[in-house]
Each structure stands twice: as C-alpha cells, then as structure tokens.
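In what follows, a structure is listed as structure tokens, so that the remarks can point back to it.
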Amino acid sequence: MTASVQAGETLDALIIGAGFTGLYQLWSLRKLGLKVQVLETAPDVGGTWYWNCYPGARTDSPSNIYQYWFSDDLLDEWNWNERYAGRAESHAYFRHVADRFELRKDIRFNTRVDAAHWDEATSRWNLRTQDGTTLSARFLITALGPLSAPLVPPFKGHETFKGQLVHTARWPREGIDLKGKRVGVIGTGATGIQVIQSIAAEVSHLTVFQRTANYAVPMHNKRYTDADRAAIRARYPETREAIWTTFVGFDEPSVPHAYFDLPPAERRATLEKLWADGSLKIWVAGFMEIFFDLAASQEISEFVREKIRARIHDSKVAAKLVPQDHGFGTRRVPLENGYFEIYNRDNVSLVDLHEAPIECFTPKGIRTSAGEIELDVIILATGFDAGTGGLTAIDIRGRDGVSLRQQWKSDVRTTMGLQIHGYPNLFTTSAPYAPAAAFCNAPTCLQHQVQWITDCIAYLGKHGRTVIEPSADTESAWLAHHDELAGATLVAKTRSWYTGGNIEGKPNRLLSYIGGVPAYREACEKVKEKDYEGFELA
Ligand code: N01
C-alpha cells in the first residue's frame, strides 16, 4: 500500500482509538512537539465508555483510581459523583478531558482503520481507512482497548430470529424499550450480571442462559458528598504513589499474611472484612493464594459460595448459580448489586446450558435441548475476542509484508505487550503479556504504557534514531518469563477470556502478565535505563 499523504498531513504518529489510552497518548506526544492524529471508529471519544451503553454499565474500579494523573488541574476540577461511576459519568469525563485539552482537533471520528502496512523503504506506517483515505506516519500506536472486539458466537439460525438481537457492546444509543417484553440474556460475565440485575424488574419475563456460573461480590456503591470528595482529593498524593506499589494497580495493599499462617478464625474474620468492603478488594487485595494455592483457593471459594447460596430461595437454582468448576478469582470477578436475588423473582428463569444446551435460534426465540423459549429480544452478553481481537481486525503487516493476523492464528507474541518483533515502530497498549489486559486496574497500567511509549519516542528523537523494534531473543525471553509465571497459577488452568478459552481455536495462553504491576513496571524501566537493550534501533 502506498500512502498518498495529503498536504499538511506529514504525521509523526498515528494513534488508533480515542478512549482512555488514545486521549492520553495524543496529549503526551503533542507535549513532545510531534504532529499526531488519532483515528477513531466512533463519532465521539470514550472508547469502552462510548460503546458499552447497555443498561447498568458501570466501572468496577473506584472512580478515584479510574482517572488520569497527568494534570493536577484536571484532578482539582473534576468531581466524581459516585464511588463507582456509571457509564454516563465515565463518558462525560472523557468528553471533558477531550475538550479541556483541545484534543478533538487532532481526532478523526467515524474513521475505521482497515489496514496498516510497514513500508521498509520509508520506514513509515501506511494506513488505509474504510473510506479509502490513506495516511502515513513514522510511529503507529494502537490504543484499541483489551475488550473492543465483540464476540458474537455462531449460533445456528441466528439470522432467522424475527425479534431484536443485540450485543451489549453495540447497544443502540437511543436505547431499547424492554418494558413488557420477553427478554433472553446469553452470558453471565461482568456484563451479563450488570444487564440482568438492571432489567429484570422492567421486562415481562427474563430468561438467563448461563454456561458458566460466576462468583460475584456485592458492590457497595455510594453517592459522594462534598466532604467525601474533599477527603478523597486530600489523599490524591498518596493514591498516586500507591497504585504503582500494589499487585494489580489498585491503591490498597494485599493482606500482609500468608493465608495458612493465620488460624482459621482469623482467616474467616479477614475474609468477612474484605467482603464487607463492597469492592474488588477480596479478589485483588486479599489473599494472593487464590491465584496459585489450591487448598487456599478451595477454602476461600467455599466462603464465597456460602454467601451466594444464602441469597437464593430455591436450593436447586442456588446449586446452578454457585460455581463449582473453578476457584474464586481465577476468572474476572464482577461486582454486583442485587444480582443473585433476581433469581428469586417470578418473572426470571435460569437455563443451565450444561443441562439444556442451545440447539439453535428460531424465528420466535431460542431452542434448547429442553424445548423452544419464545423471546422478543435476545441480548448477547457474550464478551469479546480479548487482547487480540482489536488488533487482528486490522490488516497489520510488518517487515516483508508479514501479516499479524496470520501469525497470531497460531502464536500470539509480544514483548511486554508494548512492541512486537517484526513490526518496527508499532507500539501496542493493552495487548497480550502486559498486566493491562486483565491483572491491573486498567487506568494505572495504560497510563504507564503511554508514558513508556512516549519516553521511547523521545529517546529516539534525542539520539537521532528513527526506528525501534524488539529483537527476537528479547521477545522469546519475555514470553518464557511470562509462561513460567503463568504456569504456576490456577488462572492459566481455568477456561476464560483470560486464556483465550472463550474462543474456539484461539491459541491458549494466559493473555495477561501475572507477575504484578511493580515487577512489570520495573522490567519496563530497566529497558529504558539500559538504553533499550534488547531492542534494535536504527
Ligand atoms: O464477557 P465474558 P463480559 N454460549 O467473556 C458466555 C470487562 N467488563 O462482557 O463463561 C453460551 O466475561 C460466557 O460463558 P463462559 C471485564 O474485564 C468490565 O461479561 O464462556 N454462553 C460468559 O458467561 C470483563 O471480564 C465491567 O462459559 C456463551 C459470557 O458469555 C470483561 O469486560 C463491566 C457463549 C461472557 O462473559 C468481559 O466481560 C463489564 C456461547 N457460545 C465488563 N459464548 C466493569 O468494570 C460466551 N458465552 C463494570
């Protein structure tokens, strides 16, 4: 592909995506004095928080750590309304950031990138968008988010369904009137749980199709008062430091005891305290043994099962809703708000797909092995092609025209989730083998990745270099390190989107680095300190 660079468009960098990462990357590269353009499919900023406008969408990270740290003015002027911000508030935040820092003038909205090819002769990336526009830049940064490619499972006969079929990540912006309708929800992950608990009271009947039962922790949300906000703001300096020191980029440290060092009564009391916090603390800042110690995992999982069982009236339904096939925390733990009580309602039925698998969609609804269920609306809360799907949707070609899409069919490789051997000057964020994809409070890790990329590009400029890529050996060493850590965990042995297990045929490997944020950050810093040792510069 030859880029026809239009007058005035000799760009230094192109960024794909105007969500959390893309906006900060644009701001950072502008500060370096680079000419940058962001290409965004949506008509607005916000990424995840633009697309996921399904009922009940809300962050599971507290708002005080789900924000940018780069501007004290921004921290001072933005007031979060709730402990866990709803989608509309998160989206409003990104719109505010875009306006506040005049970012929109460098963003092309309604622009989907179809192809990105490395041109060896010019050492530049040539991009083609869906409308045929071509653009070229020295650096290409993908800010696609880890969960941007919706997974629509190939259910037989889905095109025959005469009602409304919608994936949560493509919810119509004008909404869907569900009042009085017979609604089916497929999927009980973080998204499904939020949708189900939000719509059950409104619909005439709700049928939940569950393949894997999920643990979930009650969210204790609250509206902030001015006094709350003042207290949170006063702690910003500590919070800003703390996020770099914890295993998953939250602001509180894990329990400082090994699980079995505590007597049973103390273990129980600690779990109760973590549970009562109404946050993800019991998962990400509790006992780290849930990730690797089977005996501890079994005990902690049973603690959570007890909590779930106690909320469901019908013991047969409870038995279906209580996970038995994996340990607590080995898949993403959602926060919930009255989710389990939903199954005590007369207008809600649970279909366990292990007992009655879906055979096909029909014009009237869904047929399982137990019969046809008539529905007006089917909601697919079926998740995403995580980590890789955003990148493989684009025809990315590196040196010698090698296709990333083809390569990643059999082997997904990156160096620290930041670069890929064979794809010079391509920087990836929230890509596999960094913690950002799953084992990190996304804003913490994504801001770190943006800073690393910005420092790298600044370094090249300062040293008169124009091209960088990791060597094959560096990449292999990172993957070996990643695999060694992953291999010791229960997470890697559990089927979920974390391992690519939600997609048939996807290479099976833990997608997210599980060595913790401090270790990851240290590894990245070491590369910088050693003048990008292990990377090839030209
Ligand atoms: O997707 P998921 P999600 N037949 O993959 C089921 C983030 N997030 O959109 O588990 C039947 O977790 C699938 O079943 P199974 C968060 O990181 C954050 O819910 O594969 N069922 C599962 O139940 C989260 O982890 C927030 O057996 C099928 C569900 O669909 C990530 O997004 C909110 C199926 C998919 O669950 C993804 O969550 C929401 C099939 N063929 C999401 N295919 C907040 O922070 C899939 N399923 C608030």
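The values are calculated or read from the model by the stated rules, or taken from the named source; none is laboratory data. Computed from a predicted structure; not experimentally measured. Positions of Cβ are backbone-derived with ideal geometry, glycine not excepted, and every protein chain shown enters the neighbour counts. Calculation scope for accessible area: heavy atoms of the full protein, side chains included, ligands and nucleic acids excluded. Shrake-Rupley method; radii C 1.70, N 1.55, O 1.52, S 1.80 Å.
Antiparallel versus total DSSP beta bridges in the chain: what percent is that, nearest 5? Each step should come with its number before you reach the end.
Values: 25 of 62 bridges.
Of the beta bridges lying entirely in the chain, close to 40 percent run antiparallel.
Quick one: of K156/K493; K156/K506; K31/K105; K105/K222, which pairs are farther than 26 Å apart, Cα to Cα? Let's see the in-between values first.
Working: K156/K493 29 Å; K156/K506 20 Å; K31/K105 15 Å; K105/K222 36 Å.
Table pairs above 26 Å Cα-Cα are K156/K493; K105/K222.
Once the mean 1/r over all distinct Cα pairs of segment 217-333 is inverted, what Kirkwood radius in angstroms do you read off? Show your work: numbers first, answer last.
Numbers: mean 1/r = 0.0627 Å⁻¹.
Hydrodynamic radius (Kirkwood, Cα pairs) of segment 217-333 is 16.0 Å.
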**Asked** So who's got an amide H within less than 5 Å of the one on I141, skipping anything under 5 residues away but keeping other chains? H placed 1.01 Å off N, in plane.
**Response** L14, I15, I16, F427
**Request:** Go through segment 506-518 residue by residue and turn each phi into a ³J(HN,Hα) via Karplus (6.51, -1.76, 1.60, θ = phi - 60°); whole Hz please, and just put x for glycine and proline.
**Result:** 6, x, 8, 7, 4, 7, 10, 5, 10, x, x, 4, x
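What part of the accessible area of the chain, given as a whole %, is carbon or sulfur when the probe is 1.4 angstrom? Write down the numbers at each step before the final one.
Working: 10590 of 21380 Å².
After summing per-atom areas, the C and S share lands at 50 percent.
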**Asked** How large are Rg and Dmax for the chain when only the alpha carbon atoms are used, in Å?
**Response** 23.3, 72
**Request:** With a Förster radius of 45 Å, plug the Cβ-Cβ distance of N81 and R309 into 1/(1 + (r/R0)^6) and report the FRET value to the nearest 0.05.
**Result:** 0.85
**Prompt:** So which trypsin sites (Lys or Arg not before Pro) in segment 448-538 are both in a DSSP loop and have at most 11 other Cβ atoms within 10 Å of their Cβ?
**Reply:** K530
**Prompt:** How far, in degrees from 0 to 90, does helix 294-309 lean away from the longest principal axis of the Cα atoms of the chain, to the nearest 10?
**Reply:** 60
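Want the number for S71 to D119: 0.36 nm per residue separation, take away the alpha-carbon distance, what's left?
Numbers: separation 48, 0.36 × 48 = 17.28 nm, distance 3.63 nm.
Roughly 13.6 nm would be gained on extension.
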**Complete:** Extend 7 Å from the Cα of S410 along its Cα-to-C-beta direction; within segment 449-488, residues with backbone N under 20 Å of that point are 472-473, 475-477, 479-480
**Prompt:** Label A92 and K31 with points 7 Å out from Cα along Cα→Cβ: what is the distance between them in nm?
**Reply:** 2.7
**Message:** Given R₀ = 22 Å, what would the calculated FRET efficiency be for H481 paired with E252, taking r from the Cβ atoms and rounding to 0.05?
**Reply:** 0.25
**Prompt:** Where in segment 75-174 are there GluC sites (Glu not before Pro) that are in a DSSP coil and have at most 16 other Cβ atoms within 10 angstrom of their Cβ?
**Reply:** E102, E120, E174
**Asked** What does the charge count near D277 come to, summing +1 for each Lys or Arg and -1 for each Asp or Glu among other residues with Cβ under 14 Å from its Cβ?
**Response** +1
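Using helices alone, I'd like the mean residue ellipticity at 222 nm for the chain: each DSSP H run of four-plus residues gives -39500 (n - 2.57), total over residue count, nearest 500.
-9000 deg cm²/dmol
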**Fill in**
Simple spin-label estimate for R100/L294, 7 Å along Cα→Cβ, in nm, reads 5.0
**Asked** About the Cα centre of the chain, what is the dipole size in debye to 20, counting +1 per Lys and Arg Cβ and -1 per Asp and Glu Cβ, all else neutral?
**Response** 860
**Solvent exposure of the chain as accessible area per residue, Å², 1.4 Å probe** = 40
